[in-house]
Amino acid sequence: MKLLTQSQIDQLLANGRINAAHIGKDGKTEDFKPVVKLFCPWTDAVWLISELNPDDPDLAFGLCDLGFGCPELGDVRLSELESVTGPMGLKVERDLQFTANATLSEYAAEAQRIGAIVA
């Protein structure tokens, strides 16, 4: 399975363009809802991705939790996530049932409070 659908890529790039324009203008970015949830089926690692860098679409921004109780906002390379292989050849997957019901900062606040992403 591909990590992202074309429609998700289009939305993530649109969000990235909007925030790149804000950064260039006044530095105040928009707080988008995550577009996609990625996870490792063999660990507690989870990524909620809200945008892609329009100048480097391999670079995603979102809430990242490697499963050690320290979720944080930051960047992750999609190519790195795609290259991860777990036991029995398992790969990072996209949560097909995920629909965001909060903004990224709301998910981040909750994740930092409890030490894990709940989505």
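Residues in the range 98-119 that are among the aliphatic types (A, V, I, L, M) and either farther than 21 Å from L3 by Cα or surrounded by 15 or more Cβ atoms within 10 Å (Cβ to Cβ) (or both): A100, A102, L104, A108, A109, A111, I114, A116, I117, A119.
Tell me, which strands (runs of 3 or more DSSP E) lie completely within the range 1-92 with 3 or more residues that are of a type outside the set (V, I, T) and in contact with a Gly (Cβ under 6 Å, 6 or more places away or on another chain)?
Working: elements: 36-39, 46-53, 56-65, 72-77.
It comes to 46-53.
Within the range 50-66, the residues that satisfy the criterion of being out of contact with any Leu (no Cβ under 7 Å at 6 or more places or on another chain) and closer than 19 Å to T103 by Cα are F61, C64, D65. Within the range 15-49, the residues that satisfy the criterion of being surrounded by 15 or more Cβ atoms within 10 Å (Cβ to Cβ), farther than 19 Å from Q97 by Cβ and small (G, A, S) are G16, A20. Scanning the range 50-65 for residues being out of contact with any strand residue (DSSP E or B) (no Cβ under 9 Å at 6 or more places or on another chain) and surrounded by 13 or more Cβ atoms within 10 Å (Cβ to Cβ) gives a total of 2.
Within the range 76-110, the set of residues being of a type outside the set (S, T, N, Q), over 11 Å from L48 (Cα atoms) and in contact with a strand residue (DSSP E or B) (Cβ under 8 Å, 6 or more places away or on another chain) comprises R77, L78, L81, E82, V84, K91, V92, E93.
Give me the residue from the range 68-97 that is surrounded by 16 or more Cβ atoms within 10 Å (Cβ to Cβ) and of a type outside the set (K, R) and, out of that set, farthest from L4 (Cα to Cα). Within the range 68-97, the match that is farthest from L4 (Cα to Cα) is P71.
No value in this document is a laboratory result; all are computed from the given coordinates. Bear in mind the structure is a predicted one, so any value in this text is a computation, not a measurement. Reconstructed Cβ throughout: ideal geometry from the backbone, glycine too, with neighbour counts over all protein chains shown.
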